[in-house]
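Just below is one structure, and these are the notes that go with it.
The values are calculated or read from the model by the stated rules, or taken from the named source; none is laboratory data. Quick caveat, the model's predicted, so the values are computed rather than measured. Note: ideal-geometry Cβ built from the backbone for every residue, glycine included; neighbour counts use all protein chains shown. Surface areas here come from the heavy atoms of the whole protein model, side chains and all, with no ligands, DNA or RNA. Shrake-Rupley method; radii C 1.70, N 1.55, O 1.52, S 1.80 Å.
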Amino acid sequence: MPAAPSLPERSACSALAGTIQNYAWGSPHAIAELLGTPVTEQPQAELWLGAHPRGPGRLASGALLDEAITADPLDALGAEVSGRFDGRLPFLLKVLAAAKPLSIQAHPSLTEAIAGFERENNAGIAIDAPQRSFRDANHKPELICALTPFVALCGFRTVEATKRFVAGLGIAALDGLLAAQSDAEQDSDILARALEHLLTVDGEAAQELALAVASACASDRGSPEFAEERRWIAKVAESFPGDRGVAVALLLNLIVLQPGQALFLGAGNLHAYIEGTGVEIMANSDNVLRGGLTPKHIDIPMLLTAVDATPFDLSAGVQTPELVGGIARYDCPVPDFNLDRIEADAANGVDKVVITGSRAQILLCTQGNVTVNASEPGGALTALTLDCGEAAWIPAATTTVEIAGRGTVFNAYADG
């Protein structure tokens, strides 16, 4: 039997090095600039900070975070979180840097993820197979917080608004796309039917429609009300000419988050990130159901099953929390994760921010420089300095964390 990995003696906090994912849509410079590392020609799409098996973080000792948590889940996560999430860290923190559009996608509910994971396992599809949709048995709600202006297509517009948008393009193939079948039919039913049509129309017809949409959006046709929507859809089409996802984009809200603003996406929210850099937190999952705008595996039947076509309320969806005592708290209505933005700045009257309570935490500094002082029962104290781009792991056994200096720190944690 192979020897168990040698793990370090635990401390109240440790530096945490993330794993970079080099997806084709990533920026070649944004993550490198954040980390202060040389810029390479290879796109760097995501920096993963967590314990997901496809890219666990590494502690200062050299141990992988997932191994350290498995060795002592009660110390790392606390009794409540460890029990609720089967001894696993329930969230994954990322820096996401998009230079090109991501796929049109949605994420499954927990029930759908469990069933889909079992179904693909029983079919003998390898976990790392490119045609796999469910790589784990978990849901993937997520929240994205902008570090730069961050552009996304997210959630369905109302039927009436989308009718105005589509009518202005003058594309005959879209006539009747949003017609109701009865006076009592809900927007969600009409939108779901429109989505299904656009995703399942014959391949040649889908390509012709996508090219027509791209041409119309690149022209001056249409109402000024949707000028920005047309501009961004035309830009998406440049990256994916003839892709059916270009026509699907007509159904979705255009959202431009400013730095500090955030957007929570629950199960079934159809979306595509287009451009920008942000801090993203999600349940510890890598399940993605794609419908277009990607060379990766597309699973239209599962996507149509998972999508929630209820119109998305932008006024309620975009979050701009106020700073209270140096902390801006984002609304994350799931038990898997929370995210706070901490602004430590003695010049503005916040010389330090104190976090009390025992909980598993990951800290990520995105601006400036801060000192982290973490204490545990018995009075032991660990001090750590975080420069821009550096992160720290704080186990639940820690009782108090003080963040001082001048900088911006994101605090990801699960309640326990």
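State whether the residues of the range 336-357 include one that is in a strand (DSSP E or B), open to solvent by 50 Å² or more (accessible area, probe 1.4 Å), of a type in the set (Ser, Thr, Tyr) and in contact (Cβ under 8 Å) with a residue 12 or more places away in the chain.
Yes.
Given the structure, is Asn369 surrounded by fewer than 17 Cβ atoms within 10 Å (Cβ to Cβ), part of a strand (DSSP E or B) and over 23 Å from the mean Cα position of the chain (by Cα)? Even if it seems obvious, please write down each step before you answer.
Values: surrounded by fewer than 17 Cβ atoms within 10 Å (Cβ to Cβ): yes; part of a strand (DSSP E or B): yes; over 23 Å from the mean Cα position of the chain (by Cα): yes.
So Asn369 passes the test.
Output the residue which, of all residues in the range 83-95 that are buried (at least 22 other Cβ atoms within 10 Å of the Cβ) and assigned to a loop (DSSP other than H, G, I, E, B), is nearest to the chain's Cα centre (by Cα). Write out each step before concluding.
Within the range 83-95, the subset buried (at least 22 other Cβ atoms within 10 Å of the Cβ) is 89-95.
Next, from what is left, pick out any that are assigned to a loop (DSSP other than H, G, I, E, B): 89-90.
Numbers: Leu89: 17, Pro90: 14 Å.
By that ranking, first place goes to Pro90.
Only strands (runs of 3 or more DSSP E) wholly contained in the range 96-169 count here; list those with 1 or more residues that are out of contact with any Pro (no Cβ under 6 Å at 6 or more places or on another chain), within 17 Å of Met302 (Cα to Cα) and of a type outside the set (A, V, I, L, M).
Values: elements: 104-106, 142-146, 150-156.
The qualifying strands (runs of 3 or more DSSP E) are 104-106.
For residues that are open to solvent by 50 Å² or more (accessible area, probe 1.4 Å), of a type outside the set (A, V, I, L, M, F, W, C) and under 17 Å from Ile20 (Cα atoms), tally how many sit in the range 35-76.
Looking only at that region, the number is 9.
Out of all the residues in the range 372-416, which are modelled with pLDDT of 95 or more, surrounded by fewer than 18 Cβ atoms within 10 Å (Cβ to Cβ) and not in a strand (DSSP E or B)?
Listed by number, the list holds a single entry, Cys388.
If Leu153 satisfies all but one of (1) of a type outside the set (S, T, N, Q); (2) open to solvent by less than 40 Å² (accessible area, probe 1.4 Å); (3) at pLDDT below 95, what's the number of the condition it fails?
Of the numbered conditions (1) of a type outside the set (S, T, N, Q); (2) open to solvent by less than 40 Å² (accessible area, probe 1.4 Å); (3) at pLDDT below 95, the odd one out for Leu153 is (3).
Give Arg164, Arg132 a once-over and let me know the one that is modelled with pLDDT of 95 or more, basic (Lys, Arg) and at negative phi.
Details: Arg132 fails: modelled with pLDDT of 95 or more.
Among Arg164, Arg132, only Arg164 is modelled with pLDDT of 95 or more, basic (Lys, Arg) and at negative phi.
Contact list please: Cβ distance under 7 Å, first residue in the range 236-260 and on the phi > 0 side of the Ramachandran plot and outside any helix (DSSP H, G or I), second residue open to solvent by 10 Å² or more (accessible area, probe 1.4 Å) and not β-branched (Val, Ile, Thr), pairs at least six apart or on different chains.
Between residues of the range 236-260 that are on the phi > 0 side of the Ramachandran plot and outside any helix (DSSP H, G or I) and residues that are open to solvent by 10 Å² or more (accessible area, probe 1.4 Å) and not β-branched (Val, Ile, Thr), the close pairs are Gly242/Gln207; Gly242/Leu211; Gly260/Arg341.
Of all residues being in a helix (DSSP H, G or I) and over 28 Å from the mean Cα position of the chain (by Cα) in the range 218-235, which is nearest to Ala161 (Cα to Cα)? Just the residue, please. If you could, list the steps in order and put the result at the bottom.
We begin by selecting, within the range 218-235, every residue in a helix (DSSP H, G or I); these are 218, 224-235.
Applying the additional criterion that residues be over 28 Å from the mean Cα position of the chain (by Cα) yields 218, 224-225.
On the way: Ala218: 20, Pro224: 13, Glu225: 10 Å.
Looking at residues that are in a helix (DSSP H, G or I) and over 28 Å from the mean Cα position of the chain (by Cα), I get Glu225.
Run down Ile281, Ile274, Ile300 and say which single residue is at pLDDT 95 or above, open to solvent by less than 10 Å² (accessible area, probe 1.4 Å) and more than 27 Å from Arg231 (Cβ to Cβ). Even if it seems obvious, please write down each step before you answer.
Details: Ile274 fails: more than 27 Å from Arg231 (Cβ to Cβ); Ile300 fails: open to solvent by less than 10 Å² (accessible area, probe 1.4 Å).
That would be Ile281, the only listed residue that is at pLDDT 95 or above, open to solvent by less than 10 Å² (accessible area, probe 1.4 Å) and more than 27 Å from Arg231 (Cβ to Cβ).
Could you please give the count of residues in the range 284-297 that are of a type in the set (A, V, I, L, M), surrounded by fewer than 24 Cβ atoms within 10 Å (Cβ to Cβ) and touching a Leu at 6+ places or on another chain (Cβ under 9 Å)? Let's see the steps before the verdict.
Keep residues of the range 284-297 that are of a type in the set (A, V, I, L, M), which gives 288-289, 293.
Now restrict to residues that are surrounded by fewer than 24 Cβ atoms within 10 Å (Cβ to Cβ): 288.
With the extra rule that they be touching a Leu at 6+ places or on another chain (Cβ under 9 Å), the set shrinks to none.
Going through the range 284-297 one residue at a time, the tally reaches 0.
Quick one: Ala179 ticks every box in (1) open to solvent by less than 30 Å² (accessible area, probe 1.4 Å); (2) in a loop (DSSP other than H, G, I, E, B) except a single one, so which number is it?
(1)
So that you can scan it fast, the table gives a plain yes or no per residue for (1) farther than 23 Å from Leu147 by Cβ; (2) assigned to a loop (DSSP other than H, G, I, E, B); (3) modelled with pLDDT under 95; (4) among the basic types (Lys, Arg):
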site	(1), (2), (3), (4)
Met1	yes, yes, yes, no
Ser6	yes, yes, yes, no
Arg10	yes, yes, yes, yes
Ala32	no, no, no, no
Gln42	no, yes, yes, no
Trp48	no, no, no, no
Ser61	yes, yes, yes, no
Leu74	yes, no, yes, no
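Tell me, yes or no, whether the range 97-109 has at least one residue that is open to solvent by 20 Å² or more (accessible area, probe 1.4 Å), farther than 27 Å from Ala392 by Cβ and free of Cβ contacts under 8 Å to residues at least 24 places away in the same chain.
Looking for residues that are open to solvent by 20 Å² or more (accessible area, probe 1.4 Å), farther than 27 Å from Ala392 by Cβ and free of Cβ contacts under 8 Å to residues at least 24 places away in the same chain, one finds none in the range 97-109, hence no.
Of the residues in the range 325-335, how many are of a type outside the set (Lys, Arg) and in a strand (DSSP E or B)?
Step one: filter the range 325-335 for residues of a type outside the set (Lys, Arg), giving 325-328, 330-335.
Of the ones still in play, those that are also in a strand (DSSP E or B) are 327-328.
Going through the range 325-335 one residue at a time, the tally reaches 2.
How many residues does the range 212-225 contain that are open to solvent by less than 40 Å² (accessible area, probe 1.4 Å) and either at pLDDT 95 or above or of a type in the set (A, V, I, L, M) (or both)?
5
If you check every pair at least six apart or on different chains, which have Cβ atoms under 9 Å apart with a residue in the range 187-210 that is without any contact (Cβ under 8 Å) to a residue 60 or more places away in the chain first and a residue that is part of a helix (DSSP H, G or I) and surrounded by fewer than 17 Cβ atoms within 10 Å (Cβ to Cβ) second?
Within 9 Å, the pairs are Val201/Ala173; Ala205/Ala173; Ala206/Thr200; Glu208/Ala173; Leu209/Ala173.
Among the residues of the range 276-312 satisfying the criterion of being under 14 Å from the mean Cα position of the chain (by Cα) and either in a loop (DSSP other than H, G, I, E, B) or small (Gly, Ala, Ser) (or both), which is farthest from His52 (Cα to Cα)?
Gly276
Mind listing whichever residues of the range 303-316 are closer than 21 Å to Gly116 by Cα and either at pLDDT below 95 or not aliphatic (A, V, I, L, M) (or both)? I'd like the intermediate steps shown before the answer.
Pass one, the range 303-316, residues closer than 21 Å to Gly116 by Cα: 303-309.
Correct list: Thr305, Asp308.
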